[in-house]
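**Q** Provided herewith is a single structure, encoded as structure tokens, for subsequent inquiry.
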Amino acid sequence: KACCAKAVNDVNDPFNVTQINGETFDEAAVSIADELNAFSMMGGRKLIHIRYATDKIAGAVESALDGYNGENILVIEADELTPKSTLRKSAEKLSNLACIACYEETVSDVLQLIAGHLQKNGFTADRTVMEYLSKTLSGNRETAFAEIEKLMLYVGFPKQGEAVKQITFEDAVMCIGDRTENDMNELCHAIASGDFKQLDKVFNQLLNESVSEVGMLRAAQNYFSRLQQVQASVGNGKTREIAIKGLFPPVFFKAKPLFEKHLSLWSLTALDTAQKRLVKTEGAIKKTGAPTAGLTQRTFMALAHQATTALRR
């Protein structure tokens, strides 16, 4: 993401950014070399961003970069690539392509990170709490930092001269809870709000947590179903407040303003259309064996686009 942001001013600019899905890449349909050598319609540098890259694009990448010295930038994202990977071998031997290795945080790494951050800010926690936090927050340093900051705010920072504050197991569970469940909620909120940046972030976090795409689609279906229930009740004469109170489980009070915002963005007709698309995507994954991550993300992005369209009205 940092590389993409350095390459162009706006990573969502369709005129200066070309997105290629490595899972569904078809060299007959998309030429990386042509995209890399194309001029921007708006002038300036172009970004060609390949996500979910696999070994099948290795030849096309090597061919595109052979002797290339233009100003356009190619950024490739891939999951774990073994030393035998043809894409990794091609990338490592090309003089005009840099390789950046990314390693997932281990439980031990996160434990040290949490302990140091808590101590620095005047907090302490016993072994049970530390084990819970390190296992719950392992996998992403940025997420771990954000959750620990939230936990410290929840407990309350020690005042000047005050003794070190103890974080209890109850504090940790109450504040952080089930990380995957929280991420699922954030995913649904990002889709319904049209927040592309947050959607991309949470979607990849859930993939890193080994959450299935079908599980994500079901979570989105459930959230949109709750919006449908309220909109239908309002259409039948109930007030929005009473309709929301009729939901089970109830809407968490802190999430209520966002839920009401989504009701303003999504009509019952739009919600029905969204549900059909979510169900269709789930069916495509189960029946056709289509590339799951790319297909699911495209559906989520399309729904988020609907929300941004509603926001502009």
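The values are calculated or read from the model by the stated rules, or taken from the named source; none is laboratory data. Remember, it's a predicted structure, so these values are computed and weren't measured experimentally. Cβ coordinates were reconstructed from backbone atoms using ideal geometry, including for glycine residues, and neighbour counts include every protein chain displayed. Accessible surface areas use protein heavy atoms only, side chains included; no ligands, DNA or RNA. Shrake-Rupley method; radii C 1.70, N 1.55, O 1.52, S 1.80 Å.
**Q** Among the numbered conditions (1) over 30 Å from residue 126 (Cβ atoms); (2) open to solvent by less than 20 Å² (accessible area, probe 1.4 Å); (3) aliphatic (A, V, I, L, M), tell me where residue 176 comes up short.
**A** It is condition (1) that residue 176 fails.
**Q** For residue 120, state whether it is of a type in the set (D, E, K, R), farther than 24 Å from residue 293 by Cα and at pLDDT 90 or above.
**A** The answer is yes for residue 120.
**Q** Given the condition touching a residue at least 12 places away in the same chain (Cβ under 8 Å) and in contact with a Leu (Cβ under 6 Å, 6 or more places away or on another chain), answer yes or no: does some residue in the range 110-117 qualify?
**A** yes
**Q** Take the residues of the range 35-79 that are in contact with a Gly (Cβ under 9 Å, 6 or more places away or on another chain) and acidic (Asp, Glu): which is nearest to residue 101 (Cα to Cα)?
**A** Applying the filter and picking the extreme gives 77.
**Q** State whether the residues of the range 23-31 include one that is in a loop (DSSP other than H, G, I, E, B), under 27 Å from residue 296 (Cα atoms), at pLDDT below 85 and of a type in the set (Ser, Thr, Tyr).
**A** Taking every residue of the range 23-31 in turn, at least one turns out to be in a loop (DSSP other than H, G, I, E, B), under 27 Å from residue 296 (Cα atoms), at pLDDT below 85 and of a type in the set (Ser, Thr, Tyr).
**Q** Restricting attention to the range 1-39, which residues are open to solvent by 20 Å² or more (accessible area, probe 1.4 Å) and over 22 Å from residue 87 (Cβ atoms)?
**A** Across the range 1-39, the qualifying residues are 5, 6, 9, 10, 11, 12, 13, 14, 15, 16, 38, 39.
**Q** On to the next question. Take residue 238 and decide whether it is surrounded by fewer than 18 Cβ atoms within 10 Å (Cβ to Cβ), among the basic types (Lys, Arg), assigned to a loop (DSSP other than H, G, I, E, B) and at pLDDT 90 or above.
**A** Yes.
**Q** Would you check which residues across the range 52-85 are charged (D, E, K, R) and touching a helix residue (DSSP H, G or I) at 6+ places or on another chain (Cβ under 8 Å) and list them?
**A** 55, 62
**Q** State all residues of the range 162-205 that are among the aliphatic types (A, V, I, L, M) and over 21 Å from residue 12 (Cβ atoms); if no residue qualifies, say none.
**A** Within the range 162-205, 163, 164, 167, 172, 173, 174, 176, 184 qualify.
**Q** Being open to solvent by 70 Å² or more (accessible area, probe 1.4 Å), at pLDDT 85 or above and polar (S, T, N, Q) narrows it down to one of 222, 204, so name that one.
**A** On inspection, the qualifying residue turns out to be 222.
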